[in-house]
Amino acid sequence: MPPIVIVGSGLAGYTLLKEIRKRDSATPVMLVTADDGTFYSKPNLSNALAAGRTAATLAGASADRLAADLNATILTRTRVTAIDPAAKRLHSDGGELEYDKLILALGADPIPHGLVGAGAPEVLAVNDLADYAVFRRAIGGRQRVAVLGGGLIGCEFANDLAHAGFEVDVVHLGDWPLERLSPAEAGQRLADSLAALGVTWHFGRTTQRIEPAADGYRLALDNGQTIATDVVLSAIGLRPRTQLARAAGIPVGRGIQTNSLLETGVANVYAMGDCAEVNGLNLPYVQPLMVQARALAATLTGVPTEVAYPAMPVMVKTPAHPVAVLPPRIGAAGSWQVECGDSGVCALHLDIRGRLQGFALTGSETGRRTTLVKALAA
Ligand code: FAD
């Protein structure tokens, strides 16, 4: 019988493989990946400087090691180019592959930065270990880094770089960082803490053009201001990789659409991780993919199991002023109730009856997250 085929060796693909093997040591499983299949934990990329880690020391087990340990076939540097669901076959740049069940764990791509100018091709984004190696080489011996985007990943890199002594500019379209996840008071407290570390904020601004200069680059903003910098890191967001699925006739929205069993609209094809939109929700974080992997491993080994998420707060890794957020559901009616203390902000999102729907906690207030998660679960 053809194997279960997992496409993707990120946290989603490898966590699924490990969960399958906890339940079933024998069913043939093949993992196919476009990269070299080295295991690493992606969240570590945005606080590696403070942790004193390089791309080499962030790398975990090799694909060969994991293939042996997990009794799986792992095809590295093999890009899947098309899916033929009727024939249950994949086309790849390494040839054709058959599958019994197919799991798409394809991740997400950085959103194109849209900058023009001769420096545009040199703008970096860090979305995997190989990108991180390039980034570390680029900042070696340099002093100034401009970060595009003040969302979760942009703030984490800004903190890590500023802490390591770099001069950091952050250009952000919103009026405060993390504005999609938290109210102004919470975001502003984070902004102030990063500013105290030396970060220069450019709120309500976009970048337009980047040109090489004798000493690095000149980054032009939409208000005519220019930032002199050595390295530009784009962290303006990610979008799920959906092209393969779309071309195969698999329904796609923001991500590859699935039901609670992670089944796509096409028989024997599942999706999970950053590329998936499960019951209308694309949740590009580690905890959701762990829940998905456990449920899908059960389903694939004969016990159909729906994904049931607990309340899942996200910790923003900004040691200068940590943040814990659990945003309310999109479109949830309600409002933020904000209390600002000396050492942190507690923002609760309440519905019209005063019931908790989400929260944003900063600084010392992050200690309340466990209690609030319990309150939400109740
Ligand atoms: P990926 O890790 O992107 O893996 C996708 C895989 O698919 C790759 O192996 C790729 O090579 C392969 N692939 C793609 N297309 C093909 C193809 N056509 N053929 C073959 N292979 C293919 N989340 C948190 O919860 N907490 C955090 O603190 C946190 N910090 C983060 C910091 C950074 C800098 C970033 C970028 C993300 C962070 N996240 C965090 C998000 C979290 O890391 C992701 O949700 C998670 O790693 C996604 O895993 P994935 O396996 O779905 O995708």
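For region 1-21, a residue qualifies if it is more than 9 Å from the ligand (Cβ to nearest atom), under 26 Å from the mean Cα position of the chain (by Cα) and either surrounded by fewer than 22 Cβ atoms within 10 Å (Cβ to Cβ) or assigned to a loop (DSSP other than H, G, I, E, B) (or both), and the qualifying residues are Lys18, Glu19, Arg21. Residues in region 267-280 that are surrounded by fewer than 17 Cβ atoms within 10 Å (Cβ to Cβ) and farther than 13 Å from Ala308 by Cβ: Ala267, Asn268, Gly280. Scanning region 143-180 for residues that are open to solvent by less than 40 Å² (accessible area, probe 1.4 Å) and of a type in the set (Gly, Ala, Ser) turns up Ala146, Gly149, Gly150, Gly151, Gly154, Ala158, Ala162, Gly174.
Tallying residues that are at pLDDT below 95 and of a type in the set (Asp, Glu) within region 206-242 yields 1.
Residues of region 305-333 that are open to solvent by 40 Å² or more (accessible area, probe 1.4 Å), of a type outside the set (D, E, K, R) and out of contact with any helix residue (DSSP H, G or I) (no Cβ under 7 Å at 6 or more places or on another chain): Ala308, Met315, Pro327, Ile330, Gly331, Ala333. Could you tell me whether any residue of region 23-41 is at pLDDT 95 or above, among the polar types (S, T, N, Q), near the ligand (Cβ under 9 Å from one of its atoms) and closer than 28 Å to Val314 by Cβ? Taking every residue of region 23-41 in turn, at least one turns out to be at pLDDT 95 or above, among the polar types (S, T, N, Q), near the ligand (Cβ under 9 Å from one of its atoms) and closer than 28 Å to Val314 by Cβ. Just one of the listed residues (Thr318, Thr299, Thr371, Thr366) is among the hydroxyl-bearing types (Ser, Thr, Tyr) and in contact (Cβ under 8 Å) with a residue 60 or more places away in the chain, namely Thr318.
Here Leu45 does not qualify as touching a helix residue (DSSP H, G or I) at 6+ places or on another chain (Cβ under 6 Å) and free of Cβ contacts under 8 Å to residues at least 60 places away in the same chain. The C-beta contact set for region 257-274 (first residue farther than 13 Å from Ile83 by Cβ, second residue assigned to a loop (DSSP other than H, G, I, E, B) and of a type in the set (Ser, Thr, Tyr), distance under 7 angstrom, 6+ apart or interchain) comprises Gln257/Thr264; Thr258/Thr264. Could you list, in sequence order, the residues of region 334-360 that are open to solvent by 80 Å² or more (accessible area, probe 1.4 Å) and of a type in the set (A, V, I, L, M)? Passing the criteria: only Ile352. Within region 21-32, residues that are more than 25 Å from Arg77 (Cα to Cα) have Cβ atoms under 6 Å from residues that are assigned to a loop (DSSP other than H, G, I, E, B) and at pLDDT 95 or above in these pairs: Arg23/Thr301; Asp24/Thr301, counting only partners at least 6 apart in sequence or on another chain.
Return yes or no: is Ala146 part of a helix (DSSP H, G or I) and over 30 Å from Leu296 (Cβ atoms)? Criteria not met by Ala146. Got at least one residue in region 184-195 being assigned by TED's automatic domain parsing to the domain that holds Asp222, surrounded by fewer than 20 Cβ atoms within 10 Å (Cβ to Cβ) and in a loop (DSSP other than H, G, I, E, B)? Scanning region 184-195 turns up no residue that is assigned by TED's automatic domain parsing to the domain that holds Asp222, surrounded by fewer than 20 Cβ atoms within 10 Å (Cβ to Cβ) and in a loop (DSSP other than H, G, I, E, B).
Applying the condition of being closer than 18 Å to Thr242 by Cα and more than 6 Å from the ligand (Cβ to nearest atom) to region 281-291 and asking which residue is surrounded by the fewest Cβ atoms within 10 Å (Cβ to Cβ) yields Leu281.
A single member of Tyr14, Tyr40 is aromatic (Phe, Trp, Tyr) and within 25 Å of Gly302 (Cβ to Cβ), and it is Tyr14. Screening region 29-142 for helices (runs of 4 or more DSSP H) wholly inside it with 3 or more residues that are surrounded by 14 or more Cβ atoms within 10 Å (Cβ to Cβ) returns the ranges 63-69, 129-139. Given (1) touching a strand residue (DSSP E or B) at 6+ places or on another chain (Cβ under 9 Å); (2) at pLDDT 95 or above; (3) not in a strand (DSSP E or B), identify the lone condition not met by Val171. The single condition Val171 does not satisfy is (3).
The values are calculated or read from the model by the stated rules, or taken from the named source; none is laboratory data. Worth saying up front: this structure is predicted, and the values here are computed from it rather than measured. Positions of Cβ are generated from backbone atoms using ideal geometry, with glycine treated the same way; all protein chains shown enter the neighbour counts. Side chains are part of the model used for accessible areas, which takes the heavy atoms of the whole protein and leaves out ligands, DNA and RNA. Shrake-Rupley method; radii C 1.70, N 1.55, O 1.52, S 1.80 Å.
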